[in-house]
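Since every read-out is calculated from the coordinates, none of them should be taken as a lab result. Quantities reported herein were computed from a predicted structural model and do not represent experimental measurements. Cβ placement follows ideal geometry from the backbone for every residue including glycine, while neighbour counts extend to all protein chains displayed.
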Amino acid sequence: MSDQAILQVENLKVNFDVSAEGDMPWTKPKKLQAVNDISFTLNAGETLGIVGESGCGKSTLARAIVKMVPAESGKVLWLGNNLLSLSDSETRQYRKQIQMIFQDPLASLNPRMNIGEIIAEPLRTHYPKTSESDVKSRVSDVMNKVGLLDNLVNRYPHEFSGGQCQRIGIARALILKPKLIICDEPVSALDVSIQAQVVNLLMDIQQEMELALIFIAHDLSVVKHISTKIMVLYLGNMVELANSNEIYQNPSHPYTQALISAVPIPDPNIEKNKELILIEGDLPSPINPPSGCVFRTRCHKAKEICSKEKPNFIESSTSHSVACHFHD
Amino acid sequence: MIVANKKKIKDMAENFSESGAGRSLWKDARIRFIQNKAATISLFVLLAIVSFSFIGPYFAVWSYEQIDWNAMGSAARVGMPSIESGHYFGTDDLGRDLYSRVIQGTQISLMVGVLGASVAVIVGTLYGATSGYLGGKTDQIMMRIVDILMSIPYMFVLILLLVVFGRSIGMLFIGIGLLSWLDMSRIVRGQTLNLKNKEFIEAAKVTGVSDFKIITRHIVPNLLGIVAVYATLLVPGIILAESFISFLGLGVQEPSTSWGALIKEGSGTISYDTEWQLLFPLAFFVVSLFCFYFIGDGLRDALDPKER
């Protein structure tokens with residue numbers, strides 16, 4: 001089961017039109033490359049972690065997969081069907097198999113609906129004929145699964161803490177028994193102890209239901225804990241993709257190396273002697289990305305070739321791919 | 001870890017919550033509204049005025065069309081307010097009972113206000129929510145139409161309509177309803193733009209909820225707060241507009257009457273020592289408007305506590 005690819009993304013590109021302030025209506029808007037040429041395969045029961053700094057296209061990638069933002073080109077194959085070429089009504093069939101969890105737990109719940117209504121909404125949308133008692137029992141099942149008491153169904157989102165709200169969000173995502181959940185920074189807005197609870201909950205559920213997860217975060221230690229594969233993004237481009245252990249022990253791309261060296265180690269002696277690779281400067285503008293390798297402006301290994309030739313995304317060893325001319 | 005704690009949490013929760021019923025935002029708002037004295041009193045006064053306009057006729061001795069021939073032409077001497085003659089509020093210059101006339105005026109003015117506001121609210125909310133939710137070119141076009149309609153002077157159009165198509169309450173409704181939804185649609189559109197990017201809308205979209213359901217289930221209920229506030233402030237605005245039109249003599253036609261028409265008659269005869277002809281309708285008018293504004297204020301405070 002776990003070897004079966006459920007989601008394949010091939011050369012996905014997302015561009016946004018950006019028009020500067022004061023532009024005339026007929027001025028051609030500039031293209032912003034939010035996601036550039038991304039491909040990966042996700043098997044059932046696996047977790048793909050996506051990391052990268054703010055504005056590198058993590059969320060856009062996730063939204064392009066579920067067609068919330070239109071893709072410029074590429075394919076999103078869900079069990080062999082290209083979602084991007086389906087019409088809206090055909091896509092609805094697949095919506096129940098892919099669910100999403102969001103960053104801000106409170107904002108992702110409608111403040112005027114009670115918890116029962118919120119959790120039952122996907123069920124009522126896709127199976128409108130389900131009887132009231134069935135809906136009730138499904139809701140209380142799924143609430144128990146995420147560690148919420150089912151007598152809370154009549155409460156409203158503002159009566160819950162952030163962690164509880166996130167559990168409600170997870171319950172809503174689970175009620176249709178999906179095959180893939182896309183988690184868009186689900187723990188960034190929570191404090192550390194709650195983060196651990198939510199991540200463990202996701203992992204428990206994943207095992208129980210054989211879920212595949214796409215887990216977006218900017219905290220590498222969280223991602224390491226949950227992921228089987230990790231993808232590092234920089235300015236909309238894939239920089240490195242490898243198994244979770246491999247990428248931590250053996251980071252090949254200078255950017256990944258710098259990111260991993262920045263993860264604090266909870267041991268003062270090691271932490272003190274650790275070599276930190278600092279990345280200087282700011283993220284370049286995605287409207288006007290650097291020529292050649294997108295990371296060259298901040299890379300300590302950059303040579304002339306980097307500005308001329310874009311490095312290919314190549315497999316450096318088994319299940320470890322990297323985009324760098326000078327990878328280790 | 002979670003499973004281990006579950007029993008403990010369950011015990012605790014059972015001790016704390018008896019019913020498990022939550023407090024919705026509406027319930028919260030109701031509590032805050034009741035705590036606002038001016039608004040609560042206004043609500044009661046307004047309810048009293050409304051029920052007076054329905055119960056009042058049973059106590060009337062004279063109907064609003066009946067003419068007291070004794071008082072006709074000598075309202076200043078005979079037609080003053082008195083219990084004995086049955087003219088509790090006095091009579092007007094033609095000898096008609098002011099008590100019945102005020103009741104009738106109240107009914108008509110409130111009806112115009114409430115119906116006009118409901119038309120504006122329904123049309124404005126749907127239009128604004130659609131425009132804001134769809135966005136892009138549709139939004140641009142829909143809002144430019146609103147801009148164009150808004151640039152036409154409101155009173156001018158209303159007066160023209162009444163002059164060209166004849167004076168009737170129906171025409172008055174159409175005229176007022178046609179133009180008063182514009183502000184509403186703008187307010188609603190702004191709020192919708194704000195709501196549309198919230199994550200719960202996105203969550204609904206990812207789940208596959210249709211656009212229509214998203215508008216009715218997720219956007220409109222979250223707009224209702226601001227809509228309720230604006231609607232209560234719109235009612236007195238429309239009553240004022242109607243009264244102004246009636247004051248000009250273009251609105252409600254005899255034998256029907258409204259607050260504006262009564263105030264006009266009363267102000268015309270003020271020099272003949274018949275001040276009650278002005279004061280009674282004016283008092284109802286002013287008190288009702290005050291009540292609407294206080295209620296609107298109270299609702300606003302109750303519905304978004306952050307703004308205070």
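Among B:M155, A:M231, B:M143, what is the fewest-to-most ranking by other Cβ atoms within 10 Å?
B:M155, B:M143, A:M231
For B:F156 paired with A:N250, estimate the spin-label separation in nm (one decimal), with each label point 7 Å from Cα along the Cα-to-Cβ line.
The modelled label-to-label distance comes out at 8.0 nm.
If each Cα of the protein assembly as shown is one equal point scatterer, what is log10 of I(q)/I(0) from the Debye formula at q = 0.07, 0.12 Å⁻¹?
-0.63, -1.23
Between A:A262 and B:S267, take the C-beta separation as r, use R0 = 60 Å, and let me know the FRET efficiency to the nearest 0.05.
So, using R0 = 60 Å, E works out to roughly 0.15.
With θ set to phi - 60° and the Karplus curve 6.51 cos²θ - 1.76 cosθ + 1.60, what are the ³J(HN,Hα) couplings of segment B:43-57 in order, to the nearest whole Hz, using x for Gly and Pro?
Whole-Hz 3J(HN,Hα) from phi for segment B:43-57: 4, 5, 4, 4, 4, 4, 5, 5, 5, 4, 5, 9, 7, x, x.
Taking loop as defined by DSSP and a crowding limit of 12 other beta carbons within 10 Å, which GluC sites (Glu not before Pro) in segment A:272-305 fit?
Listed in order of number, the matching sites are A:E275, A:E280.
In segment A:7-103, which GluC sites (Glu not before Pro) fall in coil by DSSP and have 10 or fewer other Cβ atoms within 10 Å?
A:E21
Please report A:V14, A:V263, B:V188 as a ranked list, fewest other C-beta atoms within 10 angstrom at the top and most at the bottom.
Sorted ascending by nearby Cβ count, the order is A:V263, A:V14, B:V188.
Antiparallel DSSP bridges in chain A: what percent, to the nearest 5?
Counting DSSP beta bridges with both partners in chain A, the antiparallel share is about 65 percent.
Given the protein assembly as shown, what percent of its DSSP beta bridges are antiparallel, to the nearest 5?
Beta bridges within the protein assembly as shown, antiparallel portion: roughly 65 percent.
Classify segment A:212-260 as rounded, prolate or oblate from the Cα gyration tensor: take a ≥ b ≥ c as the square roots of its eigenvalues, call it rounded if a/c is under 1.5, otherwise prolate when a/b beats b/c and oblate if not.
oblate
Counting pairs of alpha carbon atoms under 8 Å apart in space and at least six apart in sequence, what relative contact order in percent does segment B:31-307 give?
Answer for segment B:31-307 is 27 percent.
Let me make sure I get this right: for segment A:36-127, a, b and c are the square roots of the gyration tensor eigenvalues over alpha carbons, sorted descending. Under 1.5 in a/c it's rounded, otherwise prolate if a/b > b/c, else oblate. Which is it?
Cα axes put segment A:36-127 in the oblate bin.
Would you mind checking the pairs A:K67/A:K145; A:K272/A:K303; A:K75/A:K179; A:K30/B:K198; A:K28/A:K308; A:K31/B:K196 and listing those with alpha carbons more than 21 angstrom apart?
A:K67/A:K145; A:K272/A:K303; A:K30/B:K198; A:K28/A:K308; A:K31/B:K196
Run lengths n ≥ 4 of DSSP H only: what is the helix-derived mean residue ellipticity at 222 nm for chain B, with -39500 (n - 2.57) per run over all residues, to the nearest 500?
Helix-only estimate at 222 nm: -23500 deg cm²/dmol.
Do the sum for chain A: with -39,500 (n - 2.57) for every DSSP H run of n ≥ 4, divided by all residues, what is the mean residue ellipticity at 222 nm, to the nearest 500 deg cm²/dmol?
-9000 deg cm²/dmol
What does a probe at A:D219 reach in segment A:256-279, counting residues whose amide N is under 18 Å from the point 7 Å along Cα→Cβ?
A:259-267
Given a Förster radius of 56 Å and the C-beta distance between B:A38 and A:K13 as r, what FRET efficiency does 1/(1 + (r/R0)^6) yield to the nearest 0.05?
The value I calculate is 0.40.
Could you tell me the distance between the Cα centroids of segment A:195-230 and segment B:161-211, to the nearest Å?
Taking the Cα centre of segment B:161-211 as reference, the centre of segment A:195-230 is 44 Å away.
Can you tell me how chain B classifies by the Cα gyration tensor, rounded, prolate or oblate, using a/c under 1.5 as the rounded cut?
oblate
Expressed as a whole number of Å, what is the distance separating the alpha-carbon centroids of segment B:76-154 and segment A:50-108?
Taking the Cα centre of segment B:76-154 as reference, the centre of segment A:50-108 is 49 Å away.
Sorting B:S53, A:S188 on the 10 Å Cβ count, fewest up front, what's the list?
A:S188, B:S53
So how tilted is helix A:192-209 from the main axis of chain A? Cα-based, degrees 0 to 90, rounded to 10.
70
Calculate, for A:S317 and A:S188, the FRET efficiency according to 1/(1 + (r/R0)^6) with r their C-beta to C-beta distance and R0 30 Å; round to the nearest 0.05.
Efficiency computed from Cβ-Cβ geometry: 0.40.
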